[in-house]
Amino acid sequence: MATTEVERRRGQLAALSIAAVVIIVGVPLWWRTTETYRAWLPVSQIQELSKLQLHLSADVEVVFARGTVTPEQQKKVPLTQTQDEEHIVDEDTALRYRYETRYRTATIMEEDALNQPTAAEADLSLHTLSESPCGSLVVYVIPESSTLLLEDTDVYVGQRRTALLRIGAQMRVGRTLEQLLAHLEPRIQQVLHVMSFSHTDITAALSDRVRLSPGNKESIADSMRAFKSSPGYEITFSLLNPDPKSHRLYWDIEGAVQTYIQPLLTKLSPVANFSIDSQTLHYAMLGVNPRFDSSRNAYTLIADSLAHVINPVEARLGSNAASSNPVLNFLLYVPDAHHSPLYIHDHKKQEVPSNAFHSPRWGGIMVYNVDGFYGPEAVFPVDININMAKVMGVFLAQLRLLLGVQSSTPPPGFVVAPCGSTGLADWELDRLMWSRSVENVATATTTITSLAQLLDQIGNIVINDNIAEQVSSALTSLQLAVAELEAGNLGFALQYSKEAILASERAFFDPSLLHLLYFPDDQKFAIYIPLFLPMCVPILLSLLKIVSEARQKRREKQAKKD
């Protein structure tokens, strides 16, 4: 009887010991070794990104030339004024614009520059004196008697960051400085909307975050035409020769790129990196049968059929699988001898002067007719040298549109100088940088907040230290970009916004986020039950038996006392 009691006591102690080891050591060890590692993320800072409030500041300098202000008015300058504009885009997005305008009189060297015979020469002379910082503007107010501007011209917008503004005839000597500034303010605002950021451009840059107003069709079309902001772009020039037996084509694409395209890309280097390649494709057809116009003895491509041209050609172009950057395709198509000449018609049945068209966020195609280079008695194949100046002029205009360089119609009385050999004016670059900075900030905030919501909803996703570092880096860059935009430092703002979007996308598309994403609970039970059930059942039964015996003894003791 005593031996049986000892054995039962020993069994109970063994069961309790095993249960204690399992609970105290086994369960914490199993929990620790199987838990999903999730590094710390600054959730509170990420949640603040859902409310985006951007402050954009631009410095404007208004310089009065000799004869535009009286001696009494000169005593009150230099003078600085600040103007603020606030726009509520939606419940989560607000924009505030600040224009800090400084008024002063022209220096002696600036007066000499303004005495040049033409406005273009004056613009160049003023640029050599001092180069305005990126994102700023200088407006020179010249007297009505100045010969720099034509009679019907009130404002001349130069290639740099300067503009010439003719003072109105109604401003006579004797007016106060406040009246003079009030008279100039509407024109200066128009200059700002042409040469600096506008609310339309900034709202279009936020298209990924906010819904554009249906009434603003022009900004919607511009935002859908241009490629989205990217750290780099691939540009491909392709020569399509569907009839190599008739035409032997020669094009100096390398020299043309260096002469016409590379100056523009060099100037756009703060915005993105570019790589260029070229190819020649033989027996490449458009995939659309042109219509023969007997009245003109020529073939035509109508506007409705242009959408069907790209897909058959795109299959022959190939792609750069080693790069994830967007590709801009520029195709030069030389019709075969049996379908020449070939002309593109618009929706109004009118011939397109450039004989080219572009597809939003894809590229452009130009039709180059060569039937005029040889007569009916020519011996095929005919050697043809392509006029690259004509071709690159079209491709350069399409490239500007696809990269988001806006060419808005200036107000009445404005004359905009040609952009020159670089293909881009300094103020056009500034406008693009403003839009790209805001677009990068909006995209990065959307990416980071989406990633935080995803990680919060799915607890199985591993958050390693690298992802946490990328998220912290993106947040830091975003804060710096927003601060630089508010300070008016456009170059730094664009750089920080690019760093923010790169870090946010590296975090969002990190491959480690998918390791435990598709690991449902039923699979966990299928794995753990065969391991733990054989061990847990005897332990649980022993514990239940021990509890039952303890209750039985307590009842017996209670009965003896009674």
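The values are calculated or read from the model by the stated rules, or taken from the named source; none is laboratory data. Computed from a predicted model, the values in this text were never measured in an experiment. Here the Cβ positions follow ideal geometry from the backbone for every residue, glycine too, while neighbour counts run over all protein chains shown. In case anyone asks, the SASA skips ligands and DNA or RNA and just uses the protein heavy atoms, side chains included. Shrake-Rupley method; radii C 1.70, N 1.55, O 1.52, S 1.80 Å.
When you look at ARG32, is it among the charged types (D, E, K, R), over 30 Å from LEU126 (Cβ atoms) and assigned to a helix (DSSP H, G or I), yes or no?
Here the answer is yes, as ARG32 does meet what is asked.
Taking segment 149-166 as the search range and keeping residues that are of a type in the set (A, V, I, L, M) and either at pLDDT below 85 or within 25 Å of PRO270 (Cα to Cα) (or both), which one is most open to solvent (accessible area, probe 1.4 Å)?
LEU150
Please go through segment 91-138 and give me each residue that is closer than 16 Å to ALA417 by Cβ, assigned to a helix (DSSP H, G or I) and of a type in the set (A, V, I, L, M), ordered by number.
ALA113, ALA119, ALA120, ALA122, LEU124, LEU126, listed by residue number.
Return the pairs, sorted by first residue and then second, in which the second residue is hydrophobic (A, V, I, L, M, F, W, C) and open to solvent by 70 Å² or more (accessible area, probe 1.4 Å), the first residue lies in segment 546-562 and is closer than 18 Å to GLN12 by Cβ, the beta carbons are less than 9 Å apart, and the residues are 6+ apart or on different chains.
Listed by first residue and then by second, the contacts come to ILE546/LEU16.
Just for segment 74-90: of the residues that are in a strand (DSSP E or B) and at pLDDT below 85, which one is nearest to VAL155 (Cα to Cα)?
My answer is VAL89.
Restrict the check to segment 43-63 and report whether at least one residue is surrounded by 20 or more Cβ atoms within 10 Å (Cβ to Cβ), polar (S, T, N, Q) and in a loop (DSSP other than H, G, I, E, B).
Within segment 43-63 (the criterion being surrounded by 20 or more Cβ atoms within 10 Å (Cβ to Cβ), polar (S, T, N, Q) and in a loop (DSSP other than H, G, I, E, B)), the answer is no, since none of the residues qualifies.
Quick one: in segment 24-42, which of the residues that are of a type in the set (A, V, I, L, M) and touching a residue at least 40 places away in the same chain (Cβ under 8 Å) is surrounded by the most Cβ atoms within 10 Å (Cβ to Cβ)?
Ranking the candidates gives LEU41 first.
If you take the residues in segment 221-256 that are open to solvent by 60 Å² or more (accessible area, probe 1.4 Å) and part of a helix (DSSP H, G or I), which one is nearest to HIS339 (Cα to Cα)?
Of everything passing the filter in segment 221-256, GLU254 is nearest to HIS339 (Cα to Cα).
Specify which of the listed residues (LEU451, LEU455) is in contact with a helix residue (DSSP H, G or I) (Cβ under 7 Å, 6 or more places away or on another chain) and farther than 15 Å from LEU206 by Cβ.
LEU451
Across segment 365-423, what is the total count of residues that are part of a strand (DSSP E or B), open to solvent by 40 Å² or more (accessible area, probe 1.4 Å) and out of contact with any Ser or Thr (no Cβ under 7 Å at 6 or more places or on another chain)?
Number of matching residues: 3.
Whether any residue in segment 327-345 is surrounded by fewer than 16 Cβ atoms within 10 Å (Cβ to Cβ) and not in a helix (DSSP H, G or I) is what I want to check.
no
Is at least one residue of segment 12-23 in contact with a helix residue (DSSP H, G or I) (Cβ under 9 Å, 6 or more places away or on another chain), touching a residue at least 60 places away in the same chain (Cβ under 8 Å) and part of a strand (DSSP E or B)?
no
Regarding segment 459-481, can at least one residue be identified that is modelled with pLDDT of 90 or more, touching a strand residue (DSSP E or B) at 6+ places or on another chain (Cβ under 8 Å) and under 25 Å from PHE197 (Cα atoms)?
no
Give the residue that is nearest to the chain's Cα centre (by Cα), with candidates limited to residues of segment 492-510 that are hydrophobic (A, V, I, L, M, F, W, C) and surrounded by fewer than 20 Cβ atoms within 10 Å (Cβ to Cβ).
LEU502
Among the listed residues THR280, THR259, which satisfies the condition of being open to solvent by 20 Å² or more (accessible area, probe 1.4 Å), within 18 Å of ASN385 (Cβ to Cβ), assigned to a strand (DSSP E or B) and not aliphatic (A, V, I, L, M)?
When all the criteria are applied, what remains is THR280.
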